[in-house]
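To start, the structure under review is shown below, and the notes come after it.
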């Protein structure tokens with residue numbers, strides 16, 4: 001998006017990268033993508049008992065334009081896949097994706113034609129979180145592991161792949177072309 | 001064809017007029033924000049419900065369904081007999097087992113068979129515990145460990161080495177011969193000192 005993508009990762013900029021990454025890690029605004037029962041646990045994390053605000057994440061964003069981390073919580077149907085991709089495309093770089101629960105991570109027990117077998121068929125996933133649904137501590141643990149990953153990231157904060165064509169996994173069958181027409 | 005019922009528009013009662021708000025006076029206007037912050041001030045003296053998760057981890061419920069563990073007999077032999085009942089019970093097809101025959105030279109479990117390959121895909125497992133119910137030898141049980149998040153799908157398929165319980169004192173890593181009796185019956189029916197020991201049955 002900007003200058004930081006053109007900057008090389010060298011000795012000169014390591015301190016800057018560290019500073020940037022600490023800033024990124026400490027104000028990771030999540031974009032809610034609650035699709036099923038995992039979203040209930042995600043809401044619990046936002047509540048006072050687990051209190052995601054302790055990690056600078058209290059603002060669950062309903063707009064992807066102001067979000068850094070997409071928490072995909074729940075099973076993604078084939079019909080929802082293009083919507084998910086569009087939300088992801090609307091988020092500004094650098095951005096991260098957390099697949100919460102087994103359904104988002106791999107399809108879980110729904111090994112059938114209606115469910116995308118892992119949200120990494122559509123968007124690059126930075127952290128997989130097992131559990132059905134995961135308890136709130138598990139989500140916090142995944143977020144903390146993601147923080148460690150962000151701290152070690154290069155200055156551009158780029159993930160391994162961002163388009164479906166680069167994805168190492170099987171392409172999803174996208175039947176609804178209405179949504180993806182604008183961005184494709 | 002029935003006639004539509006006669007609907008009179010004035011059947012509902014006329015809307016009630018709200019009484020105008022009572023004037024509070026100067027003192028009331030001054031204290032109104034204080035009353036609004038009353039909830040905030042009261043909460044300051046209540047007990048904090050927040051769990052400081054990564055710093056202090058509260059224990060789960062004792063029977064919480066966490067990560068699996070493959071148990072061992074007291075001499076270190078594996079309890080898993082490779083029967084695949086857990087894999088059959090699994091509603092998410094998360095477990096993959098391949099059994100193999102024990103030989104006298106290479107013995108991993110008492111009895112004929114042992115689980116040569118044992119994998120649990122934690123991106124499929126829904127922690128329902130049906131595999132635990134299905135296991136005939138109590139080889140597979142669940143721990144309370146839940147911190148499983150990872151950034152690779154491959155690493156979340158746990159293999160037998162990761163699932164096997166660590167060797168405790170007095171345990172010996174298999175393969176080794178049966179130490180607690182002459183046959184597998186001794187392992188299951190009351191131990192080596194039981195009534196069947198030495199019977200040769």
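The values are calculated or read from the model by the stated rules, or taken from the named source; none is laboratory data. No experiment lies behind these values; they were computed from the predicted model shown. Backbone-built Cβ (ideal geometry, glycine too); neighbour counts: all protein chains shown.
Report whether or not residue B:59 is modelled with pLDDT under 85 and assigned to a loop (DSSP other than H, G, I, E, B).
Answer is no for this residue.
If a residue must be away from chain B (no Cβ under 12 Å) and not in a helix (DSSP H, G or I), how many such residues does region A:30-45 contain?
7
For region B:52-70, how many residues meet the condition of being within 15 Å of residue B:164 (Cα to Cα) and surrounded by fewer than 17 Cβ atoms within 10 Å (Cβ to Cβ)?
Qualifying residue count for the region: 0.
Of these, A:150, A:143, which one is part of a helix (DSSP H, G or I), at pLDDT below 90 and either within 11 Å of chain B (Cβ to nearest Cβ) or touching a strand residue (DSSP E or B) at 6+ places or on another chain (Cβ under 8 Å) (or both)?
Step by step, each of A:150, A:143 is checked, and only A:150 is part of a helix (DSSP H, G or I), at pLDDT below 90 and either within 11 Å of chain B (Cβ to nearest Cβ) or touching a strand residue (DSSP E or B) at 6+ places or on another chain (Cβ under 8 Å) (or both).
Given the structure, is residue A:48 surrounded by fewer than 16 Cβ atoms within 10 Å (Cβ to Cβ) and either at pLDDT 90 or above or within 12 Å of chain B (Cβ to nearest Cβ) (or both)?
Considered against the rule, which asks whether it is surrounded by fewer than 16 Cβ atoms within 10 Å (Cβ to Cβ) and either at pLDDT 90 or above or within 12 Å of chain B (Cβ to nearest Cβ) (or both), residue A:48 comes out as yes.
Looking at this structure, is residue B:180 more than 14 Å from every other protein chain (Cβ to nearest Cβ), touching a helix residue (DSSP H, G or I) at 6+ places or on another chain (Cβ under 8 Å) and either buried (at least 18 other Cβ atoms within 10 Å of the Cβ) or at negative phi (or both)?
In short, yes.
With the condition kept exactly as written, say whether any residue in region A:87-108 is under 30 Å from residue B:93 (Cβ atoms), touching a strand residue (DSSP E or B) at 6+ places or on another chain (Cβ under 8 Å), at the interface with chain B (Cβ under 8 Å from one of its Cβ atoms) and outside any loop (DSSP other than H, G, I, E, B).
Yes: one or more hits.
Which of the following residues is closer than 30 Å to residue B:66 by Cβ, away from chain B (no Cβ under 12 Å) and surrounded by fewer than 22 Cβ atoms within 10 Å (Cβ to Cβ): A:61, A:27, A:77?
Selected residue: A:77, the only one of A:61, A:27, A:77 that is closer than 30 Å to residue B:66 by Cβ, away from chain B (no Cβ under 12 Å) and surrounded by fewer than 22 Cβ atoms within 10 Å (Cβ to Cβ).
Being crowded, with 21+ Cβ neighbours inside 10 Å and either more than 7 Å from chain B (Cβ to nearest Cβ) or out of contact with any strand residue (DSSP E or B) (no Cβ under 9 Å at 6 or more places or on another chain) (or both) is the filter here, so list the residues in region A:125-135 that pass it.
If the condition is that a residue be crowded, with 21+ Cβ neighbours inside 10 Å and either more than 7 Å from chain B (Cβ to nearest Cβ) or out of contact with any strand residue (DSSP E or B) (no Cβ under 9 Å at 6 or more places or on another chain) (or both), then A:125, A:133, A:134 are the ones that fit.
Any residue in region B:76-90 that is buried (at least 17 other Cβ atoms within 10 Å of the Cβ), within 14 Å of chain A (Cβ to nearest Cβ) and touching a helix residue (DSSP H, G or I) at 6+ places or on another chain (Cβ under 7 Å)?
yes
If I ask for residues that are more than 23 Å from residue A:117 (Cβ to Cβ), touching a strand residue (DSSP E or B) at 6+ places or on another chain (Cβ under 9 Å) and exposed (fewer than 15 other Cβ atoms within 10 Å of the Cβ), which ones from region B:91-115 would you list?
B:98, B:100, B:101, B:112
Look at residue B:139 and say whether it is modelled with pLDDT under 95 and in contact with a helix residue (DSSP H, G or I) (Cβ under 9 Å, 6 or more places away or on another chain).
Against the criterion (modelled with pLDDT under 95 and in contact with a helix residue (DSSP H, G or I) (Cβ under 9 Å, 6 or more places away or on another chain)), residue B:139 qualifies.
When region B:63-95 is examined, which residues are found to be part of a strand (DSSP E or B) and under 16 Å from the mean Cα position of the chain (by Cα)?
Across region B:63-95, the qualifying residues are B:68, B:69, B:70, B:95.
If I filter region B:54-64 for residues that are closer than 12 Å to residue B:144 by Cα, in contact with a strand residue (DSSP E or B) (Cβ under 7 Å, 6 or more places away or on another chain) and within 14 Å of chain A (Cβ to nearest Cβ), do I get at least one hit?
Looking for residues that are closer than 12 Å to residue B:144 by Cα, in contact with a strand residue (DSSP E or B) (Cβ under 7 Å, 6 or more places away or on another chain) and within 14 Å of chain A (Cβ to nearest Cβ), one finds none in region B:54-64, hence no.
Report, by residue number, each residue of region B:132-154 that is within 14 Å of chain A (Cβ to nearest Cβ), surrounded by 12 or more Cβ atoms within 10 Å (Cβ to Cβ) and over 18 Å from the mean Cα position of the chain (by Cα).
B:151, B:153
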